[in-house]
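Input: a single structure, listed below in structure tokens.
The values are calculated or read from the model by the stated rules, or taken from the named source; none is laboratory data. What you see is a predicted model, and the numbers here were worked out from it, not measured in a lab. Using ideal geometry, Cβ is built from the backbone for each residue, glycine included, and neighbour counts are taken over all protein chains shown. Protein only, heavy atoms only, side chains kept; ligands, DNA and RNA dropped before computing areas. Shrake-Rupley method; radii C 1.70, N 1.55, O 1.52, S 1.80 Å.
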Amino acid sequence: MIIKKDQAKIIDKGTKIIRNYTASDRQLEINHMILNGRTPEKEGTFLCETKVHFMVFIIKGRGKILCGNEIFDVEEGDCVDVPAGTKFAAEGYNFEYITAESPAWYPEQAKIVDKDGNVLEIETE
């Protein structure tokens, strides 16, 4: 099976544009992220994927990855492992990265949390 670039789902999250490629069995997903700012956008908030384990591979630029209670300065060629249930945020401009996610992302398990892990909202896309 091939997923052509023009067949990928495009998701516009404001500061982040996502080009989404999902396997037919939904057990794996690859995303190309283009970031200009912060994700999640609001300072002091984090994404927490409770069931999805993912890795972030930097393909362009420099930025920061906030993973759990650590902050990593990253650049092209670096990779960050984000186990399920870990707080995550990214910051950068003209910053691009690929995520490999298993299983494929689904909204019911994704939450926006504060620094203490308190749920602020449930992701919808």
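A compact table of results
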read-out: Strands (runs of 3 or more DSSP E) fully within segment 4-57 counting 3 or more residues that are surrounded by 15 or more Cβ atoms within 10 Å (Cβ to Cβ) and either in contact (Cβ under 8 Å) with a residue 60 or more places away in the chain or aliphatic (A, V, I, L, M) (or both); value: 16-22, 29-39, 45-49
read-out: In segment 90-125, the residues that are farther than 19 Å from Ile18 by Cβ, assigned to a strand (DSSP E or B) and either touching a Ser or Thr at 6+ places or on another chain (Cβ under 8 Å) or not β-branched (Val, Ile, Thr) (or both); value: Val113, Asp114, Leu120
read-out: Members of segment 28-42 that are over 9 Å from the mean Cα position of the chain (by Cα) and hydrophobic (A, V, I, L, M, F, W, C); value: Leu28, Ile30, Ile34, Leu35
read-out: Flag for Phe95 being closer than 18 Å to Glu123 by Cα and of a type outside the set (Ser, Thr, Tyr); value: no
read-out: Residue satisfying all of: in segment 93-105; of a type in the set (Ser, Thr, Tyr) and surrounded by 17 or more Cβ atoms within 10 Å (Cβ to Cβ); farthest from the chain's Cα centre (by Cα) among these; value: Tyr97
read-out: Number of the exception - Glu108 against (1) surrounded by 14 or more Cβ atoms within 10 Å (Cβ to Cβ); (2) out of contact with any Leu (no Cβ under 8 Å at 6 or more places or on another chain); (3) modelled with pLDDT under 95; value: (1)
read-out: Condition check for Arg26: among the basic types (Lys, Arg), over 18 Å from Ile10 (Cβ atoms) and out of contact with any strand residue (DSSP E or B) (no Cβ under 7 Å at 6 or more places or on another chain); value: yes
read-out: Matching residues, segment 58-89, being open to solvent by less than 60 Å² (accessible area, probe 1.4 Å), closer than 18 Å to Gly117 by Cβ and assigned to a strand (DSSP E or B); value: Ile65, Leu66, Cys67, Val82, Lys87, Phe88, Ala89
